[in-house]
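Structure first, then comments.
The values are calculated or read from the model by the stated rules, or taken from the named source; none is laboratory data. Here the structure is a predicted model, which is why all the values come from computation and not from measurement. Ideal geometry is used to build each Cβ from the backbone, glycine not excepted, and the neighbour counts take in all protein chains shown.
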Ligand SMILES: NC(=O)c1ccc[n+]([C@@H]2O[C@H](COP(=O)([O-])OP(=O)(O)OC[C@H]3O[C@@H](n4cnc5c(N)ncnc54)[C@H](O)[C@@H]3O)[C@@H](O)[C@H]2O)c1
Ligand SMILES: NC(=O)c1ccc[n+]([C@@H]2O[C@H](COP(=O)([O-])OP(=O)(O)OC[C@H]3O[C@@H](n4cnc5c(N)ncnc54)[C@H](O)[C@@H]3O)[C@@H](O)[C@H]2O)c1
Ligand SMILES: NC(=O)c1ccc[n+]([C@@H]2O[C@H](COP(=O)([O-])OP(=O)(O)OC[C@H]3O[C@@H](n4cnc5c(N)ncnc54)[C@H](O)[C@@H]3O)[C@@H](O)[C@H]2O)c1
Ligand SMILES: NC(=O)c1ccc[n+]([C@@H]2O[C@H](COP(=O)([O-])OP(=O)(O)OC[C@H]3O[C@@H](n4cnc5c(N)ncnc54)[C@H](O)[C@@H]3O)[C@@H](O)[C@H]2O)c1
Ligand code: NA
Ligand code: NA
């Protein structure tokens, strides 16, 4: 059951927090708080377990994992004592984190990525490897005709000009290497017809997009509440103040637009109409890995009465994301083993911008997840 | 299909807002915002409709309905123009609002209440009458052995000492008169074994307790969110600041205790444990019919990280409650017609402190409600 | 003592709320809540009084004052009963609200404006007229060499091309007509060397800029608190959500930039350094004349401890601004009578972006205001 | 210039944070953030400096200082690295922290306390010793006739029954030993006519009460803002959620009442009337040394418009208090040197419930403090 988790962006905050967490839980040094598959109703249902996961990945920076771990401890994301206790285990993972290959043609880069995946699988004798993108959010890529057709894509990739954004190139390489692909970011990833075709052809599942860890999570329960009570939401405005590496990147207009769009979908989808208002994202270096989001909702009730609700969410993004990475790796591996291919739409529970025509209310997503777990649990295990 | 709605506390804010609203909707002067049975997925499923409802009730005050309506308009709860347009219709209802009878023995009072119900039914040729308690919240009553047994209760009621609190006496009289009973308050109502026995004997349904209109509504979606994400809620504290008649009463320690207990159940029930913290209720006359509630939730995530959320809810309690009164009248009438007796546990969606062993998360309550509506809709109508 | 108040933007929300308020206070129909000169310590110190004010003005729209009054009542800014009671008085003011003149050359326009001012003064036998700009915020104007020199300006104004933005042209005309000028907006107004020269030459005082009515008012007391306690503010971020005419205009990037800059000065000035963070302004039509502002302040205390404060301000901008218009008219008239010319820097208390090198903390501004009042109160009156 | 700081409650959070801070600042390991006398305008004005302070004190617990320091580091109040670096210095202070003496008669206890103070002074060759109470808040003591007269008090203290609450007994002993006394808690301390008499007789200054570190600090700038703008505050309600040792004690009704009363004075004093509303204090063990306070202010503006403001304060109480202890020790020592006796009312800036008829607005208190500093700074030093 040993299962590889190959992280694109393996030296980033989410990636390293995931690694430390998995090691700590396996060593009995921490409880699996925040891991959905470890909640009372789902515990012991899905294999592989956390202890079966083996980590590796690509990154474009070479900052050592233990340096990043120290930074995360300094920032209050992980306990300092834990990073010390796990120093050797982290050093072992370091061997499997490799620089992102680059070749002159994207086809060559994809081959090099796939080769790294093969090597990882072989070295650890892994049953399967799940590739998860936790790298920096990209801007929307320019459209390209080859995105729509797998044959055309294959042809275009050998040419000198880049055809795919990095997230999609990684997805292409993963699928080529027989690995399911999960995108935890708002980047394009597998969301191109040509890549969907490839996944189905290869019999591989994929999942995404954009981990739902804070303000949008709250929206996904509040918006259904207003809808079920037949209260009319007039405006819903929000501001997200965040520091950290992700924040620095989201301060770039392109990435910001990708993210903000991802955050607004839930309202229109669950309310049935789009209230006035927008979600802003502002970068404040001094906030570090903690994020503060504030939302104001104004709504109309019986006989036109004006009412309002506001909430402030103060969360540590990496601490919210990391346990979901462990859940997604396990669920995607189990889905692959069960023969699923194409988008795993039942994982909408985890994403701001889920694949497929799926409900955006958290409660229905929770039920879909439970149904998936039931389908993936062998009868004798559940 | 004409259905009576007999309100205990008929001259109070919730009652009069319900009446104005039903009249306005019937007259096409207002949209049914806030009425759950008028939301897109449930519209036209349950009969009677809003237009079929006929109002009457008991109260201990004699403040005229149109005076109360003017006060509600002044307080911003209902539009002034509406109270003017509906002046005559309200005056017609005034004929059916009667002083709460009192006799020396409670048995006599119950007879007089039942007689008023009969008269109301007869005068308007109503198919059935639903009694709904929207009167002032009572303190917890002292225990009495006759509460546990219908025979003993009947015997005790003819004695000179009061056995039942007002809400239960009204429930007893309603059931005696063949009327389903709904308690929108945290008072005792039908929650005594002897009255459950009576309801079943008489083949009558009942429902309650304590309309869920603000802070607890929000809790009922946020608490499941934390549970589903396996985040550990450490503390959940709240304060409710409210004015109005209800606020003045809740400033009394007895009523306050009844209400605060009602507000906390949702946490333990949906989280599976009781976090530290309490809900406070403070009366501030100057806030009028609008209520501000503030809640702070502190929670622990992955690897012990501390996070927090706070929300402020600023709502008009009567405007939130009134449309639910219309929903409850219609659903209870339909359940009665369908032959239901005993507690209608599928109405938990509407209540802070629902009857029966039912889920406290709003999403599951929503599903139960939808199942009830499906069961109550004649096949050719749905 | 009859004093004219000539409002540029006389048909806008602030203007009409000011007129209604002055009429209501004079008629004994409302208390002067929000009028600084009517607070216990300053009452009866400054003449003219509210009852001495006579209103007129320019606007580019022709929406009648009573229609605007009805809109303000509908929006909850002024009581409906008041607009009805004052209908005739408002109709009288209507006679003195004139379309903003336009001529081919700006010199001609200025002459026409000045002529309107003269007519107003003559018609009502006014001792003096104070011109106050409460019109739509302009974008920053392009620089022009004639802004720096009065002679050059006079020459340029007769040319065919516009030299001055509307607020400065109005200021020029006012000063030409012997009227003090107050700018309640962030627009340029008298803030050009040529106009300062004109004011001093003419012996006329002027004041501004940008009425301080909400979030910035709060900042002007909180920022000194942090400074006095030697706490280090790390970030200060805010968002302003507002509807209304002003909001619609501020949604335009040019005006938004002018306003946001005006809002941030207080921090650097009172803290002595600029913390990270920005103030955002978002337009939400549905919020109407009420504005919600939210600010997050993170700060560092002893031994580097991180702490935070957030506040939400929910105010009615026109109701906050209007009483200040009455105060400013009275104070500027009194300063004129007392022979003041040039900027009245002691009025910083009223402005986000005050003229001169003045303190930005509210407490010091309050003292400056009190000193001004003392200087303007004749000994036998105070 | 070596000055003793004798802390009653020397093993508590505030005390130990003060000690660590003073040591760290002296060693150049930390900046004096939060120390008012180290802010740009006041720096180097008052002697003794932080480096001149020598710590000792009484407590009823024997938990070692370094254990408490470790707890404070664990709780995030002080950096772990600092407690390690200062281990030896803290161990040195340990020698001067003694168990609170108790004798059968309070006169004997007072003698024993005074003897400890003398020994401390002698051992370190201190110019003077300031006694500061930072021990657990007491309930209001029962009244006693001897509180009103020094002679009667002296007589009563030799009797077998306790006459003074611990804070007043400590104050008595301090004054007897020639030491100025500062009360940072809401306890009685010197607030008895007999003790004021003693202080004046002995030519000793004293100060208090109840350090102003959070919600009340904010109130002391917001309430004047409303007053100066002539806005009518209708309601002001607050809730304080706190853990820590202080929180545990304040959960006791007696102490809670003392504290809540102390917190409300600022409103009536600065507004000139008492708005509706109360301040609640709730203990939540899980919040540790950090406190969250939420306040709602509703106010009325021009023409009766209703508006509102709310704020949330999330602060570390000990980190806010400790630098003020250093300020108070220095200022009180300087006042003593300058020959002051009786209450130092110019220290109101530091206290929720200041001594004397003093302004409660922070700005005026700030000016009084500056005037005091000017009076205390020798001409050649300022
Ligand atoms: N933390 C959350 O709650 C959350 C929620 C949803 C989505 N996300 C997304 O997860 C991603 C990671 O977030 P983070 O906080 O760890 O950010 P981070 O900046 O700490 O880490 C990103 C890492 O990706 C690396 N990287 C950049 N480009 C790369 C490339 N082309 N190939 C491989 N590696 C590359 C960077 O060097 C860095 O180490 C972001 O896209 C973020 O938007 C995070
Ligand atoms: N508004 C909400 O959101 C909400 C939510 C849940 C529960 N409730 C409950 O609904 C009830 C009504 O609230 P409201 O705001 O209308 O209060 P209200 O004070 O305006 O009205 C209560 C009415 O009950 C009458 N009354 C008192 N005792 C009576 C008795 N023994 N028999 C008959 N009438 C009696 C009073 O005279 C008054 O007219 C309260 O118990 C409240 O706790 C309200
Ligand atoms: N309300 C506040 O709290 C507040 C605070 C600070 C500044 N201000 C400023 O006060 C001004 C007025 O605000 P409002 O809410 O009344 O806006 P508004 O949109 O209701 O009114 C502005 C009026 O100005 C008129 N106008 C536009 N251009 C004009 C011109 N060139 N000459 C004459 N009239 C012109 C418009 O027709 C309109 O009637 C705005 O600039 C706003 O930024 C308001
Ligand atoms: N931290 C703040 O922001 C703040 C602000 C205002 C007032 N205060 C007051 O300061 C005091 C100390 O707060 P803390 O957080 O350090 O509390 P704490 O509980 O950590 O410390 C109090 C210490 O006093 C000791 N003590 C109790 N009774 C004593 C007695 N009779 N004589 C000597 N020592 C005694 C206790 O053993 C304990 O060590 C409290 O009264 C608190 O209300 C604190
Ligand atoms: Na808040
Ligand atoms: Na808030």
For the range B:251-272, which residues satisfy the criterion of being within 23 Å of residue D:238 (Cα to Cα) and outside any helix (DSSP H, G or I)? B:251, B:252
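So for the range A:331-346 (the condition being part of a strand (DSSP E or B), more than 8 Å from chain B (Cβ to nearest Cβ), under 20 Å from the mean Cα position of the chain (by Cα) and crowded, with 24+ Cβ neighbours inside 10 Å), does at least one residue qualify? Even if it seems obvious, please write down each step before you answer.
Initially, the range A:331-346 is screened for residues part of a strand (DSSP E or B), giving A:342-343.
Pick out the ones that are also more than 8 Å from chain B (Cβ to nearest Cβ) and you get A:342-343.
Narrowing the set further to residues that are under 20 Å from the mean Cα position of the chain (by Cα) leaves A:342-343.
Applying the additional criterion that residues be crowded, with 24+ Cβ neighbours inside 10 Å yields none.
Scanning the range A:331-346 turns up no residue that is part of a strand (DSSP E or B), more than 8 Å from chain B (Cβ to nearest Cβ), under 20 Å from the mean Cα position of the chain (by Cα) and crowded, with 24+ Cβ neighbours inside 10 Å.
If I ask for residues that are part of a helix (DSSP H, G or I), more than 14 Å from residue B:78 (Cβ to Cβ), within 7 Å of chain A (Cβ to nearest Cβ) and in contact with a helix residue (DSSP H, G or I) (Cβ under 6 Å, 6 or more places away or on another chain), which ones from the range B:21-50 would you list?
Filtering the range B:21-50 for residues part of a helix (DSSP H, G or I) gives B:21-26, B:36-38, B:50.
With more than 14 Å from residue B:78 (Cβ to Cβ) added as a condition, the list becomes B:26, B:36-38, B:50.
If we keep only those that are within 7 Å of chain A (Cβ to nearest Cβ) as well, we get B:36, B:38.
Scanning the range B:21-50 gives a single hit, B:36.
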Checking residue D:244 against (1) within 14 Å of chain C (Cβ to nearest Cβ); (2) over 23 Å from residue D:321 (Cα atoms), only one condition comes out false. Which one? (2)
Quick check: is even one residue across the range A:155-175 modelled with pLDDT of 95 or more, closer than 30 Å to residue A:76 by Cβ, away from ligand 4 (no atom under 16 Å from the Cβ) and within 14 Å of another protein chain (Cβ to nearest Cβ)? no
Is there a residue in the range C:219-239 that is within 11 Å of ligand 3 (Cβ to nearest atom) and either more than 21 Å from the chain's Cα centre (by Cα) or at negative phi (or both)? no
Failed criterion for residue A:328 (all others in (1) in contact with a helix residue (DSSP H, G or I) (Cβ under 9 Å, 6 or more places away or on another chain); (2) within 14 Å of ligand 1 (Cβ to nearest atom); (3) within 12 Å of another protein chain (Cβ to nearest Cβ) hold): (3)
Using the structure shown, decide if residue D:183 is in contact (Cβ under 8 Å) with a residue 12 or more places away in the chain and surrounded by 24 or more Cβ atoms within 10 Å (Cβ to Cβ). yes
Tally time: how many residues in the range A:93-113 are exposed (fewer than 15 other Cβ atoms within 10 Å of the Cβ) and touching a strand residue (DSSP E or B) at 6+ places or on another chain (Cβ under 9 Å)? 2
Going through the range B:200-249 one residue at a time, which ones are assigned to a helix (DSSP H, G or I), away from ligand 2 (no atom under 16 Å from the Cβ) and buried (at least 23 other Cβ atoms within 10 Å of the Cβ)? B:221, B:222, B:223, B:224, B:228
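I want to confirm something. Restricting to the range B:72-84 and keeping residues that are surrounded by fewer than 18 Cβ atoms within 10 Å (Cβ to Cβ) and more than 9 Å from every other protein chain (Cβ to nearest Cβ), which single residue is nearest to ligand 5 (Cβ to nearest atom)?
Step one: list which residues in the range B:72-84 are surrounded by fewer than 18 Cβ atoms within 10 Å (Cβ to Cβ), which gives B:73-76, B:80-81, B:84.
Those still in the list that are more than 9 Å from every other protein chain (Cβ to nearest Cβ) too: B:73-75, B:81, B:84.
Working: B:73: 31, B:74: 30, B:75: 25, B:81: 35, B:84: 39 Å.
Out of the qualifying residues, it is B:75.
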Take the residues of the range D:294-320 that are in contact with a strand residue (DSSP E or B) (Cβ under 8 Å, 6 or more places away or on another chain) and within 11 Å of ligand 4 (Cβ to nearest atom): which is nearest to residue B:239 (Cα to Cα)? D:315
Could you tell me which of the residues B:123, B:128, B:119, B:154 is surrounded by fewer than 24 Cβ atoms within 10 Å (Cβ to Cβ) and within 21 Å of residue B:338 (Cβ to Cβ)? B:128
Only residues that are free of Cβ contacts under 8 Å to residues at least 60 places away in the same chain and more than 30 Å from residue B:304 (Cβ to Cβ): list them for the range D:63-99, please. D:88, D:91, D:92, D:94, D:95, D:96, D:98, D:99
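For the range C:273-321, which residues satisfy the criterion of being more than 14 Å from ligand 3 (Cβ to nearest atom), at negative phi and part of a loop (DSSP other than H, G, I, E, B)? Give the steps one after another, and end with the answer.
Going through the range C:273-321, the residues more than 14 Å from ligand 3 (Cβ to nearest atom) turn out to be C:273-278, C:280, C:282, C:284, C:286, C:294-312.
Those still in the list that are at negative phi too: C:273-276, C:278, C:280, C:282, C:284, C:286, C:294-302, C:305-312.
Those that are more than 14 Å from ligand 3 (Cβ to nearest atom), at negative phi and part of a loop (DSSP other than H, G, I, E, B): C:273, C:274, C:275, C:278, C:284, C:301, C:305.
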Given the criterion touching a strand residue (DSSP E or B) at 6+ places or on another chain (Cβ under 9 Å) and away from ligand 6 (no atom under 16 Å from the Cβ), identify the matching residue among B:53, B:42. B:53
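Can you confirm whether residue D:176 is in contact with a strand residue (DSSP E or B) (Cβ under 6 Å, 6 or more places away or on another chain), assigned by TED's automatic domain parsing to the domain that holds residue D:131 and more than 20 Å from residue D:12 (Cβ to Cβ)?
Details: in contact with a strand residue (DSSP E or B) (Cβ under 6 Å, 6 or more places away or on another chain): no; assigned by TED's automatic domain parsing to the domain that holds residue D:131: yes; more than 20 Å from residue D:12 (Cβ to Cβ): yes.
Taking the combined requirement at face value, the residue does not satisfy it.
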Hey, among B:278, B:269, which residue is more than 8 Å from every other protein chain (Cβ to nearest Cβ) and surrounded by fewer than 20 Cβ atoms within 10 Å (Cβ to Cβ)? B:269
Extreme residue, nearest to the chain's Cα centre (by Cα), among residues of the range D:291-313 that are within 16 Å of ligand 5 (Cβ to nearest atom) and more than 7 Å from every other protein chain (Cβ to nearest Cβ): D:291
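Residue-wise test of (1) more than 18 Å from residue C:303 (Cβ to Cβ); (2) in the same structural domain as residue D:174 (by TED's automatic domain parsing); (3) buried (at least 22 other Cβ atoms within 10 Å of the Cβ).
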{"residue": "D:9", "(1), (2), (3)": "yes, yes, yes"}
{"residue": "D:13", "(1), (2), (3)": "no, yes, yes"}
{"residue": "D:27", "(1), (2), (3)": "no, yes, no"}
{"residue": "D:31", "(1), (2), (3)": "no, yes, no"}
{"residue": "D:37", "(1), (2), (3)": "no, yes, yes"}
{"residue": "D:42", "(1), (2), (3)": "yes, yes, no"}
{"residue": "D:51", "(1), (2), (3)": "no, yes, no"}
{"residue": "D:58", "(1), (2), (3)": "yes, yes, yes"}
{"residue": "D:64", "(1), (2), (3)": "yes, yes, no"}
